[in-house]
Amino acid sequence: MSDTPRFHKARPPGKSRIVGPARLPDGATTMAYRAVQPYVCEQCGAEIAPDALFSRRTIQRAQTLATNLARMPVCTDCRPLRVEGDGDGLVSDAGAPLG
Ligand SMILES: [Zn+2]
């Protein structure tokens, strides 16, 4: 099977892609993302390289009247992810298509 690049057009230039549900070490579930462009981890300041997995933390920033929700990227060193799915948590970070 081959990917059709058509789908790309439906969305604005993405900086990350949703990988799917993942589990955190404390048992909570979160959403796993794959970086398309480099990010900076909100917790440790390390760079999240393209193709690396990361999660997001929703941070409430109280501003004058409206509450601003910011979703900050967090690297897998700070929050190890276990992607749920048909694998057993192992995710290839090479990005190469497997035949
Ligand atoms: Zn980090």
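The values are calculated or read from the model by the stated rules, or taken from the named source; none is laboratory data. It should be emphasised that the depicted structure is a prediction, and the values quoted were computed from it without experimental measurement. In this analysis, Cβ positions are derived from the backbone assuming ideal geometry, glycine residues included, and neighbour counts consider all displayed protein chains.
Candidates in the range 42-62 are the residues that are over 20 Å from residue 20 (Cβ atoms) and exposed (fewer than 12 other Cβ atoms within 10 Å of the Cβ); of these, the one that is farthest from the ligand (Cβ to nearest atom) is 62.
Looking at the range 63-78, which of the residues that are among the β-branched types (Val, Ile, Thr) and within 10 Å of the ligand (Cβ to nearest atom) is surrounded by the fewest Cβ atoms within 10 Å (Cβ to Cβ)? Of everything passing the filter in the range 63-78, 76 is surrounded by the fewest Cβ atoms within 10 Å (Cβ to Cβ).
Looking only at residues in the range 26-41 that are farther than 12 Å from residue 15 by Cα, within 16 Å of the ligand (Cβ to nearest atom) and within 10 Å of the chain's Cα centre (by Cα), the one that is modelled with the lowest pLDDT is 30. If we scan the range 76-83, do we find a residue that is touching an Asp or Glu at 6+ places or on another chain (Cβ under 7 Å) and in a strand (DSSP E or B)? Looking through the range 76-83, none of the residues is touching an Asp or Glu at 6+ places or on another chain (Cβ under 7 Å) and in a strand (DSSP E or B). Figure legend. Inter-residue proximity from the range 25-50: first residues more than 15 Å from residue 78 (Cα to Cα), second residues assigned to a loop (DSSP other than H, G, I, E, B) and of a type in the set (A, V, I, L, M, F, W, C), beta-carbon distance below 7 Å, spacing 6+ or different chains. Indicated pairs: 35/49; 35/52; 38/49; 50/36.
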